[in-house]
Amino acid sequence: MKRELDQWFAEEILPHEAALTRYLKRVCPNAADVPDLRQDVYVRVYQSAASERPHLPKAFLFTTARHLLADRLRRGRIVSIDYTQDLESLNVLVDELSPEERLSARQELRRLSEALDGLSDDCRAVIWLRRVEGLSQQEAAQRLGMKEGTLESHLSRGVRALAKAVFGSPSSNTAEDGETDSMSESEHG
C-alpha cells in the first residue's frame, strides 16, 4: 500500500514541483519560507492521499497549497507565547530501523543511483542542481545555459524516470520509454 502511494506521489504530484514553487513564490510574502511551505504541502497531500487518492491530483495539490497558506496567514495574526524547555525531559525515543527496512532502503538507494547514472547528462545536471544543491529554476537554467522551460522539461522527465526506476511501473516497457525519452531529449536539446 505504502509503495503504491509513494509511486502515485512520485508520478502524479512531484512533476508539478516547478509550477508549485512558482505559485508559492508569487503568493508567499517571504521567499525564504517557500521550501518549507512546499514540504508542508507535500506532507498534507501525501497524508490525504493515504486515505483516498484525489481524482485531479494537480488541482488537489494547488488547493492544498492555497489552504495551507490561508492557515499560516490566520496563525500569523495570532500572538504566540515563546518559551523554552529542556528537550531531554520529553523522553522522546528514536525509532530504530529493522534490518529489513535497512536492506530495503539500501536497495532503493542502489536503484536510484543506477537510474541517475542512466539519465542523460542534461537531466542528471538539472536534477542535481535543483534537488541536491537546491538552486532555483532560474539559477539552474543560468548555470546550465538553457531556457527555464527546457530545464523544467528535463526535471520532469528525470523525476519520472527516477520514480519509475525506484518504484517500478507495472504497465510500461522500460526499453520503449528509454527510446521515447531519448527522442524527446534530442528534440528539446
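The values are calculated or read from the model by the stated rules, or taken from the named source; none is laboratory data. In this text the structure is predicted, and so the values were computed from the model without any measurement. Using ideal geometry, Cβ is built from the backbone for each residue, glycine included, and neighbour counts are taken over all protein chains shown. The accessibility values were calculated without ligands, DNA or RNA, using every heavy atom of the protein model including side chains. Shrake-Rupley method; radii C 1.70, N 1.55, O 1.52, S 1.80 Å.
Computed from the C-beta positions of ARG102 and LEU73, the FRET efficiency with R₀ = 30 Å rounds to 0.10.
For CYS28, the solvent-accessible surface with a 1.4 Å probe is about 20 Å², rounded to the nearest 10. Could you pull out the pairs from LYS2/LYS58; LYS25/LYS164; LYS2/LYS25 whose alpha carbons sit more than 25 Å apart here? Where the Cα-Cα span goes over 25 Å, the pairs concerned are LYS25/LYS164; LYS2/LYS25.
The length gained on full extension between LEU5 and ARG111, counted as 0.36 nm times the residue separation minus their Cα-Cα distance, comes to 36.3 nm.
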